[in-house]
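Data first, discussion second: the structure below is written as structure tokens.
The values are calculated or read from the model by the stated rules, or taken from the named source; none is laboratory data. Note that the coordinates shown come from a computational prediction; the quantities given were computed from them, not determined experimentally. Counting neighbours? That spans all protein chains shown, and the Cβs are built from the backbone with ideal geometry, glycine included.
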Amino acid sequence: MKTLALYPGSFDPITFGHLDILQRATELFDKVIVTIAINSRKETVFTGDEREALLKKCLKDKDWAKKVDIEQFSGLLVDFAKQKNAKTLVRGVRQISDFEYEFRMALTNRRLAPNVDTVFLMPNEHLTFISASLVKEVATWGGDLSSFVPEHVATALKEKMKRPEDSQ
Ligand code: PNS
């Protein structure tokens, strides 16, 4: 029987940390569906389609990406999991401070869908401090993004973050 996991998140935008977790997930499961949340209450910089396109480009030419599908979802994650017949959710945990939120989310999801469990993976330690929100903060002030996100993501982010005064 083939194993399937969802890797859900906002991916606003995808970072090297996300890609590391995704690659690790492909080593554990036969198929991983990156599940891009489009209706979370969080305001996003990129639309669902933009986030999907950025992610797709990251996966181009990567051998392990053959095991990856990308889908956007809205609504409850566990409903999407049921729809896909997925029993495992993958989440990255970078440090202990992530854990409390992740633990609550995993248990909430399990209360809603008792047969859906969450597996936590840790990224390579040199990526543990990277977060999409810090990447956006660095981008806002024109900092170097090369160690946080792939080049095309940095370019897209810089374009989005352009402030009106930058073009004057
Ligand atoms: O990358 P993020 O923003 O930490 O991802 C959070 C996400 C999108 C996985 C989470 O907010 C989610 O699953 N949202 C969908 C709504 C839902 O199912 N909420 C119940 C989980 S507590």
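Could you tell me which residue of segment 55-111 is modelled with the lowest pLDDT, considering only residues that are under 15 Å from the mean Cα position of the chain (by Cα) and among the basic types (Lys, Arg)?
Arg94
What pairs can you find where one residue is in segment 8-22 and farther than 16 Å from Lys62 by Cβ, the other is part of a loop (DSSP other than H, G, I, E, B) and of a type in the set (Asp, Glu), and their Cβ atoms are less than 8 Å apart, with a gap of 6+ or different chains?
Partner pairs satisfying both residue conditions: none exist.
Please determine whether any residue of segment 104-118 is surrounded by fewer than 15 Cβ atoms within 10 Å (Cβ to Cβ) and of a type in the set (Asp, Glu).
Among the residues of segment 104-118, at least one is surrounded by fewer than 15 Cβ atoms within 10 Å (Cβ to Cβ) and of a type in the set (Asp, Glu), which makes the answer yes.
Which is under 24 Å from Leu145 (Cα atoms) and in contact (Cβ under 8 Å) with a residue 40 or more places away in the chain, of Leu77, Leu55, Leu28?
It is Leu55.
Where in segment 56-168 are there strands (runs of 3 or more DSSP E), lying fully within it, with 1 or more residues that are over 20 Å from Asp20 (Cβ atoms) and in contact with a Pro (Cβ under 9 Å, 6 or more places away or on another chain)?
68-73
Tally time: how many residues in segment 10-49 are in contact with a helix residue (DSSP H, G or I) (Cβ under 7 Å, 6 or more places away or on another chain), within 16 Å of the ligand (Cβ to nearest atom) and part of a helix (DSSP H, G or I)?
The qualifying residues number 4.
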